Amino acid sequence: MYRYEGRVIHESHDDDGILEVVESDGVRSLHFGSFPRQSSMLLAEPDKLYLNYVRAMTSWLLFKPTLDDEALIIGLGGGSLTKHLLHHFPDCRLKVVEYRDSVVKIARSHFGLPLDPRLKVIIDDGAKYVRQRTESQSEQYSLMFVDAFDHEGMAPSISNHAFFDACKMLLKKDGMLVINLWGGAGNPLFKQVALWLGRTFDWRILFLPVPDRGNIIGLAFNEEAPLHSMKDLRTRAIILEQIYQIEFISYLKEIAKHNASVLSNSIQK
């Protein structure tokens with residue numbers, strides 16, 4: 001069976017709809033009953049980040065040297081970002097909240113998500129999980145990643161100001177939030193989320209448009225996150241690109257280009 005310009009190797013259903021795994025030209029992708037890919041993996045290099053927007057979510061490395069403590073990830077998909085963090089940061093501890101148990105099973109069976117003592121996967125609504133732990137897990141995480149989409153777009157449960165306020169409370173004082181947004185600057189929901197992020201994080205926010213995609217990666221910095229000079233960031237981008245083979249130099253240029261009104265809140269000249 002062929003669909004989405006590839007061969008369907010798995011199809012299943014749960015209460016939230018269809019889940020399909022499709023292979024085309026050496027790439028395996030997860031779909032939720034529609035053409036957009038929720039996750040993709042290069043079969044010859046399964047630990048390499050294939051999708052442009054997931055690579056762009058690694059832009060946090062420009063501002064934090066490493067991850068040697070806890071991170072919270074909202075939305076698993078095929079587990080590309082989770083595998084990347086486990087592979088490159090041996091001292092990290094990851095907690096992933098995924099709404100659909102079926103997605104977790106497919107991430108393990110078809111996308112190589114490992115059983116790793118550093119990884120805990122929780123089946124729950126991500127927004128509810130965050131809101132319910134603002135006291136018990138206050139200031140616990142150095143990093144939070146939010147990539148929560150269904151077949152129609154951003155999950156409704158995270159599309160509110162209260163969610164981002166709760167995220168801030170779970171972050172360490174020098175922590176960062178990294179979020180995948182969809183639809184571009186002309187999308188009313190993007191504009192609304194940008195406003196919520198700005199108000200929550202006192203406008204210490206940056207946005208990275210993903211080339212040739214509708215995605216925009218948002219970076220939000222808690223109050224004690226250090227200010228970096230552009231000179232130091234340029235040097236760091238060169239080093240990171242050599243280490244990870246990810247386009248950090250381009251990311252920094254795009255960040256500088258598209259954040260004129262808020263750039264000085266997080267980056268020194």
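The values are calculated or read from the model by the stated rules, or taken from the named source; none is laboratory data. Not measured: the values here are computed from a predicted model. Cβ sites come from the backbone with ideal geometry, for glycine too, and all protein chains shown count toward neighbours. These area figures cover heavy atoms from the full protein model, side chains too; ligands, DNA and RNA do not enter into them. Shrake-Rupley method; radii C 1.70, N 1.55, O 1.52, S 1.80 Å.
With unit charges on the beta carbons (Lys and Arg positive, Asp and Glu negative) and the dipole taken about the Cα centre of segment 60-111, which residue among ILE74, HIS88, SER109 sits farthest to the positive side? Checking the options against the dipole of segment 60-111, the answer is SER109. Taken about its Cα centre, segment 52-172 carries a charge dipole of roughly 200 debye when the Cβ of each Lys and Arg holds +1 and the Cβ of each Asp and Glu holds -1.
Treating the beta-carbon of each Lys and Arg as +1 and of each Asp and Glu as -1, no other charges, what is the dipole magnitude of the chain about its Cα centre, to the nearest 20 debye? Let's see the in-between values first.
Details: 31 positive and 34 negative charges, 141 e Å.
Around 680 debye, computed over the chain.
Ligands, DNA and RNA left out, the 1.4 Å accessible surface of the chain is 50% carbon and sulfur atoms.
With unit charges on the beta carbons (Lys and Arg positive, Asp and Glu negative) and the dipole taken about the Cα centre of the chain, which residue among HIS13, HIS228, LEU171 sits farthest to the positive side? The listed residue farthest towards the positive side: HIS228.
Basic side chains Lys and Arg get +1 at the Cβ, acidic Asp and Glu get -1 at the Cβ, and with that the dipole of segment 69-129 about its Cα centre reaches some 160 debye. FRET efficiency for the GLU223 to LYS120 pair, using the beta carbon distance and R₀ = 30 Å, is estimated at 0.60.
Over the Cα atoms of segment 178-217, each weighted equally, I'd like the Debye log10 I(q)/I(0) at q = 0.18, 0.23 Å⁻¹, rounded to two decimals. Relative scattering, expressed as log10 I(q)/I(0), comes to -0.45, -0.71.
Dipole of segment 132-269 (Lys/Arg Cβ +1, Asp/Glu Cβ -1, origin at the Cα centre): which of ASN215, SER261, PHE201 lies farthest to the positive side? Farthest towards the positive pole: SER261. For segment 190-269, GluC sites (Glu not before Pro) meeting the loop criterion (DSSP other than H, G, I, E, B) and having at most 12 other Cβ atoms within 10 Å: GLU223, GLU224.
Couplings 3J(HN,Hα) of segment 226-242, computed from phi: x, 7, 10, 7, 4, 4, 5, 5, 5, 4, 5, 4, 4, 5, 4, 5, 5 Hz, in residue order, whole Hz [Karplus 6.51 cos²θ - 1.76 cosθ + 1.60, θ = phi - 60°; x for Gly and Pro]. For ASP124, the residues 5 or more places off, or on other chains, whose built amide H falls under 5 Å of its own are GLU98, TYR99.
Among DSSP beta bridges whose residues both lie in the chain, state the antiparallel percentage, nearest 5. Intermediate values should be presented prior to the final figure.
Numbers: 32 of 53 bridges.
The antiparallel fraction comes to roughly 60 percent.
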